[in-house]
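Novice: One structure coming up, written as structure tokens, with questions to follow.
Only the coordinates and a few stated rules stand behind these numbers; no lab work does. What you see is a predicted model; the values in this text were computed from it and never measured. Neighbour counts are summed over all protein chains in view; Cβ atoms, including those assigned to glycine, are modelled from backbone coordinates with ideal geometry.
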Amino acid sequence: MNDQAPQHPESQSAISEPELVGSSQPPLPPAPPTQPGGWYGAPSAPPTQPAGWYGAPPTAPRRRRGPVIGAVAAVILLAGGGVTWWALTRGDDPIDHVELSGGKLVEEEPTDSYGGECDDTDEYSYNDCESEDSVYEFKYKITNKGDGPANYSVIVNAFDEDGDYVGQTYIGASHVAAGKTETEKSEFDEYTALEDGRELSDIDSVKVAYVERMALAN
């Protein structure tokens, strides 16, 4: 027998990678440092900037439609109410309840103090005849266009042929029922206050100047 057995090198224990010394493989590179977005690597979200500087356009400010619509509605209501008020008041204007006609100057015959025929041929020395008077006479018609009975007070102005004011008189009607008409005569006489220097013979026309209607409860 050959005492010299083949000799095998002693097995050496495996060395883990971390313990390799002088390994031909270079070490792994370290992780790259974290840099601000946009410098390298994956881009980060753009920084937030004031609206209008760049990016999406700024959102237009919302209009306050509520107050504007309310204001327009108020104007419409006021305008409609004003038209309604005008229509109602104008339609019920009492000046439209009075009409005048037939104005003329009337020469009155002299009469005695009792309204009879004048006779100054008797034995008495005094004159028992009233002086001759003139009046400007006209007709008026008052129609109650309201819903209930009413009293009326009316001012009538007189004018000359040039349209200049001469004087005024007053007429009235009591307890005129709704829908009823009262027709009477009135006049400007010697007791009527006329403008200085004017006479009844200067009157050429008459017009209603003012009407007051006083509604009655019954």
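Novice: With label points built 7 Å along Cα→Cβ from the Cα atoms of LYS185 and LYS145, find their separation and express it in nm.
Specialist: 2.8
Novice: With viscosity set to 1.567 mPa s at 4 °C, what whole-number translational diffusion coefficient in µm²/s follows for the stretch 133-218 from Stokes-Einstein and a Kirkwood radius over Cα pairs?
Specialist: Once the numbers are plugged in, D ends up at 93 µm²/s.
Novice: Can you give the extra length, in nm with one decimal, that the chain gains between LEU216 and TYR165 once fully stretched, where that is 0.36 nm per residue apart less the Cα-Cα distance?
Specialist: 15.0 nm is the gain from fully extending LEU216 to TYR165.
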